[in-house]
Amino acid sequence: MKSRFLPIFLTLFCVINFQLFAQKSLPKLVKKGTTTQLIVDDKPFIVLGGELGNSTATTIENMKSVWPKLKTMNLNTVLVPVYWELIEPIEGKFDFKLYQDLIIEARQNDIKLVFLWFGSWKNSMSSHAPAWVKLNQDQYPRVKDQTGRSQEILSSFSENVLEADKNAFEKLMQFIKDFDNKARTVIMVQVENEIGMLPSARDHQNLANEAFKKPVPTELMRYLQQNRDSLVPEFREIWKKNGYKTSGNWEEVFGKGLHTDEIFMAYYYADFTDKITEAGKKIYPLPMFVNAALNKAGREPGNYPSAGPLPHLMDVWKSAGKGVDFLSPDFYNPDFKHWCDLYTRQGDVLFVPEHVFDQSVAAKALYTIGHYEGMGFSPFSIESTQKPEDEPLGKMYGLIKELSPLITSNQGTGKIKGIMLSKSDAETIVRLGKYEFTCKHDYTLSWTPGARTETWPLGSAIIIQTAENEFYIAGSGVVITTKFIENKDLNIGLLKVDEGNFTNNQWAVKRHLNGDQTHQGRHINIGTNQFGIQRVEFYGYR
Ligand code: DGJ
């Protein structure tokens, strides 16, 4: 008897031991069908995030009141700045105590961290450079604007600036590796913050002027030729207008003007960032990204932060190297869909590291995940809420958390649709399988109290197809009707509509919906201010 069971026992023992002690692999980005997933602790991960206000994480004491708010709002990740001036207050002397404490507290709260490297640039300026850098202008030169005036901005053309920033970033990555390579609390790093040039389109100090007279680097020229057909159209147009030249200096290849100043500057910002990123990844290869302050329509570069990782410059940024995994938009502007469309048009993954923390964020978080199959969302100054328990974002994050296994297993396969509705954009049609869904804002139902109100909150939903006739529909503020795409003679009936929850990926029914809740079988409805998941099964009748 004993000898018969011994091998089974030993195998089980080994498996259990392996699972207990196996190291979790590093967070990484993995392509899945049409999208890219972030893998954390060996599973696909959707960032239900929030970014801290700039000075909130400068002491650990100040974080005490913050963690409970993050938990209440169902965050699984917080984006936290790492300030160069605080980790290297004296040249060559590093202090990571604050970040060690932050990692420990994040672990205690079961929250992951994305570190934001506030190195040479923070919103165009160099405010977070240490005093020993700021005070030594001979060694660490500043940019000059077009009038020759110095700005409080480090120059990306200086080898000394690059080396000092790179050295500090390497030390940061080494610290994360040493302190966190078992628990894997830190899952991504943003390199610099909203790089961009103000108040002129490019740097005009000597090193920059010399570079401007030189030929366009071969990396950029090669990238343009290899990707000529897939370049973003507005950038290809500039190159085309100048005769698709394959060599020459910046003005010869792209023409004279502020647009060329911006392209030139973007290349050197990207080159600098890529060098830092590559150096950091050599030590500890976490996914790394950059963020952009979006440009305002009708303004010239230099009136907005010129040359950042903006949609019209994405080819320039990509040409400089492969260290940066993706470019991402910060939203303090309207036109969410417009900008997200631009960032995803070359098939890149969408991650929104900052969005002003307003009443629209709950709907936009779901739309980022549903429509763009994005990696995550993160309102800025997330701790500023006084009533975290009332935040619609928290309720939406709770919903996405429940749905995460279902979403991530269907991502990239064409089985997910996302919709977002407003008063001026109150109806949209999406197709899944043999069904066409007409999705309207909940307030289009004339009997809802909100129908006659001046402003409507955004509505949003995600629709996931799980079988030929079965769908999970979740969100807030939507009403949905369906028809068959092909068989027009066949009517659609609601065979079953249940409202429920996923607990540990198991569906549990809370209410069987019928009667008024489906308008006696005519539609699917999740009211405004409700945050619900419904399982729906359709059938056809003649
Ligand atoms: C965008 C920046 O990235 C943030 O750090 C912050 O400065 C916000 N703007 C505005 O408050």
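Computed with every protein chain present, the accessible area of Glu251 is close to 60 Å² [probe 1.4 Å].
Once the mean of 1/r is taken over each pair of separate Cα atoms and inverted, region 151-310 shows a Kirkwood hydrodynamic radius of 17.2 Å.
Subtracting the Cα-Cα distance from 0.36 nm times the residue separation, let me have the gained length for Asn303 to Glu237 in nm, one decimal.
In short, 21.5 nm is gained.
Both radii are taken from the alpha-carbon atoms of region 63-121; with Rh as the Kirkwood radius, Rg/Rh is 1.03. If you bin all the Cα-Cα distances of region 238-338 at 10 Å, starting from zero, the percentages per bin are 15, 41, 32, 12, 0. For the set His523, His204, solvent exposure ranked by accessible area (probe 1.4 Å, protein chains only) runs largest to smallest as His204, His523. The lysine pair count for region 416-541, using Cα distances under 14 Å and pairs eight or more places apart or on different chains, is 5. In region 501-542, one over the average inverse separation of all distinct C-alpha pairs is 12.1 Å, which is the Kirkwood hydrodynamic radius. Restricting the trypsin sites (Lys or Arg not before Pro) of region 273-320 to loop positions (DSSP other than H, G, I, E, B) with no more than 13 neighbouring Cβ atoms within 10 Å leaves Lys296, Arg299. The base-10 log of I(q)/I(0) for region 276-387, evaluated at q = 0.12, 0.22 Å⁻¹, reads -0.46, -1.29 [Debye formula, identical scatterers on Cα atoms, solvent excluded]. Ranked by the mean number of other Cβ atoms within 10 Å per residue, highest first, peptides 208-218, 121-131, 341-351 order as 121-131, 341-351, 208-218.
Starting from the Cα gyration tensor of region 311-369, take the square roots of the eigenvalues, sort them a ≥ b ≥ c, and report rounded, prolate or oblate (rounded when a/c is under 1.5, otherwise prolate if a/b is larger than b/c, else oblate). The shape class here is prolate. Here the convex hull built on the C-alpha positions of the chain has a volume of 201 cubic angstrom per residue. Ligands, DNA and RNA aside, Asp271 has an accessible area near 30 Å² when probed at 1.4 Å.
For a straight C-alpha distance cut-off of 13 angstrom, the aspartates and glutamates reachable from Lys28 (same-chain residues fewer than eight places away being disregarded) are Asp41, Asp42, Asp325. For the listed peptides 506-513, 305-312, a ranking on the average number of other beta carbons within 10 Å per residue, highest first, reads 305-312, 506-513. Modelled spin-label separation between Glu389 and Lys31, with each label point placed 7 Å from Cα along the Cα-to-Cβ direction: 4.8 nm.
Just by accessible area at a 1.4 angstrom probe, what is the order of Phe179, Phe336 from largest to smallest?
Reading off the accessible areas and sorting them downward yields Phe179, Phe336.
Once divided by 2.2 N^0.38 Å, the Cα radius of gyration of region 416-541 becomes 1.02.
The values are calculated or read from the model by the stated rules, or taken from the named source; none is laboratory data. Remember, it's a predicted structure, so these values are computed and weren't measured experimentally. All Cβ positions, even for glycine, are placed from backbone atoms using ideal geometry, and neighbour counts span all protein chains on display. The area values use the complete protein model at the heavy-atom level, side chains included, leaving out ligands, DNA and RNA. Shrake-Rupley method; radii C 1.70, N 1.55, O 1.52, S 1.80 Å.
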